[in-house]
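One structure below.
None of the figures in this text is laboratory data; all of them are computed from the coordinates on show. Only a predicted model underlies this, so the values are computations on that prediction, with no experimental measurement involved. Here Cβ is always computed from backbone atoms with ideal geometry, including for glycine, and neighbour counts include all displayed protein chains.
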């Protein structure tokens, strides 16, 4: 086994609080290739997680032959994780899509670009004439480049004038964005990865950082190995590596996160661990929050969460006594019941403690994908470009000015349509064309039997733009072969607002084109114009697209006007906002206690956390007249599906360290595929003993929607809960029927958070049967 598979976080380089994280340059070259063989190194950053690890791509003979970390970059100081080291091999895979495909007589056949694009444009025009813009929807990714998202947002919102635009970031970071908007009036991570260097308490809420952001976890491990290490709080129903290093590990029953958070807030308030001066000067809503959580004692939460009250008190004491508190959040909260409400309570913890905007005092509502931040900034995932407020006429008018349109040309009668609602519109027949780029919804969306039936509808014209054949391309009417990372130029932004430049190291295979070139070609063929009769999309390449985006971002929270390709190539990652006033970027937001929350500037007026009902502008102004940070609370309610006699376990899904999404890339990297080649199911030791399950037994996990078969792993997950990784579809099995029993989303429910509209992947009720032993029990 490769050393970095066996030891994915690498060797320790201990350091103490306030010290600089030592450099450690990781690299990997293909067998038989030495550094002397490398013809050039091309700068980029990781594309298989959200950390943004800076690296250089090695090129020899027109092919990628390896990677090395960039020691001077602020994000990773030279370190690379397993997916960074090995994932690039997918680029060289022989089964890439290299020519457009079009469906003829029920089968996909190769064609040329003109034929494929003419078919898409012809269907677009037919639908615009017959049904209007609302017949067309777009569903994109968290893996394209900023320039591509911005172009997509302009052509969809401003050119076609459809409101149906979203990304698969709805599945991973929609709650991150919504929680930040709810608390601070706008998206944008307040904290910095460098807060790890200063914090004395690091609290991870539903965030298995050891698997999802291995290099950032290495940074925490190095602090833990050094002098005066931080205390760690872990909230996760599984005993992950994070939990093993925790001072206090809380393992709540999935679907009860809000109850746990309300109890933690209760303890902080009743024990007087609050910063009263900070609360008075910089926040609104404290009295209502205190009233909301007053009855939420640790004993009350213990009954709901099935976590000892003493452990809740211990965790609250650690957080309450912290001098520098860093809080991080990810899918364990985002994909669960009352997602936004629970994530907002994490923000509330730091606000109560006055721990924001100072070294070691931060919040990172994390992303799950490498360019998820860009979808949110650029208006490609249910937002308007530049963090503009869809319900503010002045801000929509400002966006129209940038695009050269009239305000009413940009649909803003409601927020852009989230993917779960788009699917209902497809199901009902009102959306007739759906363009999917760089994502695989036939594996990644909940309740897959329903998704397959929706995408297979004859009346739906499905366009899929990807780099490999997938379960979704198999259902498409037109397939467009795309170039991927290191085959095109552009920028992308990680989870702590660090922007990286990514160079074109090699040419894409065959006739594959960059996503930007595909979108530009589509816009040109449709002849999209602004109100002056000039081309709506006037840029022609990545550099001019970046310049157009800079103008769109000018004066907004995510201001890129101080950045340039040359600057990013030379310096590495730089955090936005970067302007003439802040030419080196901005490490932490809200350092002066001033927020992006003024009524005329904020990205949203907020929502009710229980119902999702939007707050009216006048209501927002009355609640927050001075643009302060906002405390918001919510009452705990039970999840929509709970265990029963027929389905007595709770299913939670998630990631494994060695794979990304539906394994489209990572299954094609030999080391990563060998590390986790097949799906498995994790069960607790007490449940395994009760069910007569031994390690490796084949189990059937069944919900009211479907079943999955997987070998058992007996682990430290809490009793009554089972875990399935969601990465595994059926494409690489070549047998569709068998493959359907591998995909965790056969079991998950069609339900979503009312505020963020993020689907609930972590609260399905399931039964477990041992197929290896006759007479297996549930």
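Things to note:
- Considering every alpha-carbon pair of the stretch 561-636, the percent of pairs per 5 Å bin, from zero through the bin containing the longest distance, is 3, 13, 17, 16, 13, 12, 11, 8, 5, 1, 0.
- Compactness of the stretch 626-777, expressed as Rg and Dmax over alpha-carbon positions, Å: 17.4, 67
- For the stretch 97-161, the direction-averaged projected area of the alpha-carbon convex hull comes to 5.7 nm².
- Cβ-Cβ distance of residue 619 and residue 31, R₀ of 51 Å, FRET efficiency by 1/(1 + (r/R0)^6): the value works out to about 0.20.
- The distance between label points at residue 771 and residue 580 comes to 6.6 nm (points 7 Å beyond Cα on the Cα→Cβ vector).
- Listed from fewest to most Cβ neighbours within 10 Å, the set 209, 366, 420 follows the order 420, 209, 366.
- Principal axis analysis of the Cα atoms in the stretch 3-92 yields extents of 45, 26, 25 Å, listed in decreasing size.
- Tensor-based shape of the stretch 393-491 (alpha-carbon gyration tensor, a/c under 1.5 rounded, otherwise prolate or oblate): oblate
- Gyration tensor (alpha-carbon) shape descriptor, the stretch 41-90, a/c threshold 1.5: oblate
- Stokes-Einstein D in µm²/s, Kirkwood radius over Cα pairs - the stretch 442-538 at 10 °C with 1.306 mPa s viscosity: 98 µm²/s
- Fewest-first ordering of 363, 717 by other beta carbons within 10 Å of each residue's beta carbon gives 717, 363.
- Here the contact order of the chain, divided by its residue count and restricted to Cα pairs under 8 Å and six or more residues apart, works out to 19 percent.
- The helix-based estimate of mean residue ellipticity at 222 nm for the chain, built from -39,500 (n - 2.57) per DSSP H run of four or more residues and divided by its residue count, is -8000 deg cm²/dmol to the nearest 500.
- The stretch 350-385 and the stretch 559-625: distance between their alpha carbon centers, rounded to Å: 9 Å
- Taking the alpha carbon gyration tensor of the chain, multiplying each eigenvalue by 5 and rooting it gives semi-axes of 36, 31, 28 Å, largest first.
- Averaging Cα coordinates gives a centre for the stretch 126-140 and one for the stretch 180-238; these two points are 42 Å apart.
- Listed by Cβ neighbour count within 10 Å, with the fewest neighbours leading, 680, 485 appear as 680, 485.
- Principal semi-axes of the equivalent ellipsoid, √(5λ) from the alpha carbon gyration tensor of the stretch 131-196, are 28, 14, 11 Å from largest down.
- Using C-alpha pairs under 8 Å with a sequence gap of at least 6, the mean separation divided by the residue count of the stretch 649-770 gives a relative contact order of 34 percent.
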